[in-house]
Amino acid sequence: MRMVFRWYGEGNDTVTLPQIRQIPGVEGIVWALHDLPAGDVWPLERILEVKRQADSYGFHIEVVESVNIHEDIKLGLPARDLYIDNYKRTIDNLAKVGVKVICYNFMPVFDWIRTDLFKELEDGSTALFYEKAKVDDMDPMELVGKIAANPEFTMPGWEPERLKRLSQLFEAYKHVTEQHLWDNLRYFLERIIPVAELNGIKMAIHPDDPPWSIFGLPRIVTNQANIRRLLKLVDSPYNGVTLCSGSLGVNPDNDLPAMVREFADRIPFAHIRNVRLYENGDFIETSHRASDGTVDICGIVKAYHDTGFTGYARPDHGRHIWNEECRPGYGLYDRALGIMYLWGVWDSLQNNRREAAR
């Protein structure tokens, strides 16, 4: 397991590279050019700038998250070929600095969805929270208002230029079914995977968050059967998945350790986080400690260990603790604690293996 840490860039993150360097076992940063609109080519000079920043602290930049997909690709509109060509050029540029994995998603209109960015937990910390009844009754623009009320931080998947077109996007998706979305994803992958393979970069799709339809929009990367179907669309080791225990884990029917074992050779990147589910369909993100949530974090890490996982992993969303003011879900302290919890589980498994071999 190769530990990495998501960093939003100089001047765009309360967490600094010197701070990340002090977290044991972190070897690289997970990054992106967050100011560029979906569909633009990532300029090589901007990519090299991030590389220089990371190099100065001994980090690699082998994992990128997210090179976002333009909506015309998801909708299957005529302009999609232009945006796919731009995506290919970005892949070429990323390969020049040694990128090995691109994490992306194929969620229509919205990326992740929460109703409260700072819901208080029993211990006084706060975390991202999803209230099912509120989403069921909420106007999408109300949700946009909540996210836009936090203007000091960029929120991936909630880019202002996309949200300005919200009503047009909903109209465009009015007759788009899950099958249409599958067809458009296949079209994208058939053209992108050969380029990724030539460049030695693995494409790793992120599951839908949460893994069900929101506001009537189709979502397709939601469970074990759908991931199996996704990997068969283009059956290549360069067509993979970013297995996110938090996204998939909010559906109690999803068996995360079983997914790790089945898809082990197609998981180049893992997001590991915990959530607590409630009977009414609400959920809140918790510490990484297994007993604090509903997700079997220990079982998931064991599955990675048992299958000889050598891919990249990062602690995903953390709580906001010790009065830290930070991007929702992306502070320093709780994610650093999460890393140490994950290393503790991993090291215990390593030690047990050594003892058994004696």
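The values are calculated or read from the model by the stated rules, or taken from the named source; none is laboratory data. These numbers come from a predicted model, not from an experiment. Every residue, glycine as well, gets a Cβ built from its backbone with ideal geometry; the counts of neighbours run over all protein chains shown.
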### Message
Given (1) under 15 Å from TRP112 (Cα atoms); (2) surrounded by fewer than 17 Cβ atoms within 10 Å (Cβ to Cβ); (3) among the aliphatic types (A, V, I, L, M), identify the lone condition not met by VAL221.
### Response
(2)
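Here is a yes/no grid of residues against (1) under 20 Å from HIS317 (Cβ atoms); (2) aromatic (Phe, Trp, Tyr):
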{"site": "ARG6", "(1), (2)": "yes, no"}
{"site": "GLY11", "(1), (2)": "no, no"}
{"site": "PHE59", "(1), (2)": "no, yes"}
{"site": "GLU71", "(1), (2)": "no, no"}
### Query
What is the one condition in (1) in a loop (DSSP other than H, G, I, E, B); (2) in contact with a helix residue (DSSP H, G or I) (Cβ under 6 Å, 6 or more places away or on another chain) that GLY308 does not satisfy?
(2)
### Task
Run ARG89 past the list (1) more than 17 Å from LEU185 (Cβ to Cβ); (2) in a strand (DSSP E or B) and report the number of the one that doesn't hold.
(2)
#### Entry: Residue satisfying condition, being in a loop (DSSP other than H, G, I, E, B), surrounded by 19 or more Cβ atoms within 10 Å (Cβ to Cβ) and among the charged types (D, E, K, R), within set ASP13, ASP40
ASP13
### Task
Determine the pairs where a residue that is of a type in the set (Lys, Arg), located within region 17-39, has a partner that is modelled with pLDDT of 95 or more with Cβ atoms under 8 Å apart, the partner being 6 or more residues away or on another chain.
ARG21/TYR57; ARG21/GLY58; ARG21/PHE59
### Query
Across region 1-10, what is the number of residues that are among the hydrophobic types (A, V, I, L, M, F, W, C), surrounded by 21 or more Cβ atoms within 10 Å (Cβ to Cβ) and touching a Lys or Arg at 6+ places or on another chain (Cβ under 9 Å)?
2
### Message
Please verify whether VAL241 is of a type in the set (A, V, I, L, M, F, W, C) and more than 30 Å from ARG289 (Cβ to Cβ), treating the condition exactly as stated.
### Response
no
### Task
Looking only at region 93-121, count how many residues are assigned to a loop (DSSP other than H, G, I, E, B) and small (Gly, Ala, Ser).
1
### Task
From the list HIS288, HIS317, pick out the single residue that is modelled with pLDDT under 95, in a loop (DSSP other than H, G, I, E, B), under 26 Å from GLN22 (Cα atoms) and touching a Lys or Arg at 6+ places or on another chain (Cβ under 7 Å).
HIS317
### Task
Could you list, in sequence order, all residues of region 331-349 that are in a helix (DSSP H, G or I) and touching a Ser or Thr at 6+ places or on another chain (Cβ under 9 Å)?
ASP334, LEU337, GLY338, TYR341
